[in-house]
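Each remark here refers to the structure printed beneath this line.
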Amino acid sequence: MSLKSLLLTCSFIVAVYNVGFTQTGGVGTYKFLEKAGSARSASLGEKNISVSDGDLNMVANNPALLTESSASKLALNYLSYYADISMGYAAYSLKQNSKASLAAGIQYINYGSFDGRDVVGNATSSFNATDMALNIFYSRPIDSAFHIGVTVKPLLSYYEKYSSMGIAFDAGATYTMDEGRLTFAAVIRNVGSQIKPYVSGKYEDLPFEAMLGVSQRLHHAPFRISLTLHSLQRYEMTYDDVFENESSFGESASDSKAEKFMENVLRHAIIGVEFLPSKSLFINGSFNYQRRKEMMLLDAPGATGFAFGGGLNLRRFSFCYSYSQYFVSGGAHTFSLQLNLAPQE
């Protein structure tokens, strides 16, 4: 390794440590970057980084998943969220070769229209709030099994009279074995900074995250099973309710050290399962333990933390739908359409 490469690598590691390991939960900006852009990703728990089968939509989670099989595809996604909130994601993958792959995408979230009020409650003018991110993906194979990739994400945000600009970077790697059936993956995402903060001089952290993942397609059954370990930059994923021994949201202040250890371990894990009865049909499901513990009501947990979806994968296009249950009163619907624009032989 050259001296220049060594210095760049050390600088990157130091930046990751300073940005990621000094953050605390609930602190930071551009939180929309944590949302899944596509239906398949949402139905697999939003953060799956290890499903490698040429799906352009999964590249948003891990740029190393961008390969030759993703070439000449156009992905269009729409998320119907709560109230008037909606989110869209579109991406296009250029024609690629065996040495490198390139794609671009754009993500936005519109929070709807708001009625403005002054300090005493008198009506002023209405306003909107929007977040946007441009995604530029680059990946390359190291060998037939090992791929690396990076994403560059310029960011723009408007909240009434407040605006902000920033830049974020993702880096990922995948290692594939067993004729493509077994994939290991690692990702760090949202390393970066605000360039222009909402309030002059008050810079906020980005939602940095470190993740590991593995996906295994079974040999003798039509299933792919995935495990994603998220938020690895922080160990503590619980909180103690200082007002009550047990809150209505499932947190407890009286757990033993062993119970708290296991609770934190489980909160880092997302389990995803795909049922693949044929080449053209897939059905997905996942369980996010952290989401369930944070969002469920003790007396009515329902399906909080679960997500479901499915779709068709045809020669010229694929379609996917997902439903994610965030809490007992409802969930979010995501629709995805992916077109294969490559000339058909």
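Nothing in this text is a laboratory measurement; each read-out follows from the coordinates by a stated rule. Just so we're clear, the structure is a prediction, and the values are computed from it rather than from any experiment. Note that each Cβ is placed from the backbone with ideal geometry, even for glycine, and that neighbours are counted across all protein chains shown.
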Spin-label model distance (nm) - Phe287 vs Ala100, 7 Å beyond Cα toward Cβ: 4.4 nm
Ranking of Leu312, Leu155 by count of other Cβ atoms within 10 Å, fewest first: Leu312, Leu155
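Once you charge only the Cβ atoms, +1 for Lys and Arg and -1 for Asp and Glu, what is the size of the charge dipole of the chain about its Cα centre, to the nearest 20 debye? Mind showing how you got there, number by number?
Details: 28 positive and 30 negative charges, 251 e Å.
It works out to roughly 1200 debye.
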Sequence of His219, His147 once ranked by neighbouring C-beta atoms within 10 Å, starting from the fewest: His219, His147
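So for Ile49, Ile142, Ile225, fewest C-beta neighbours within 10 Å to most, what's the order?
Final ranking by Cβ density, sparse to dense: Ile142, Ile225, Ile49.
Rounded to the nearest 500, what is the chain's calculated 222 nm mean residue ellipticity when only DSSP H runs of at least 4 contribute -39500 (n - 2.57) each, over all residues?
Working: 4 runs with 41 residues, N = 345.
One gets -3500 deg cm²/dmol as the mean residue ellipticity at 222 nm.
Can you give the FRET efficiency for His333 and Ser280, using 1/(1 + (r/R0)^6), R0 = 22 Å, r = Cβ-Cβ distance, to the nearest 0.05? Walk me through the numbers before you get to the answer.
Values: r = 22 Å, r/R0 = 1.02.
Efficiency, from the Cβ-Cβ distance: 0.45.
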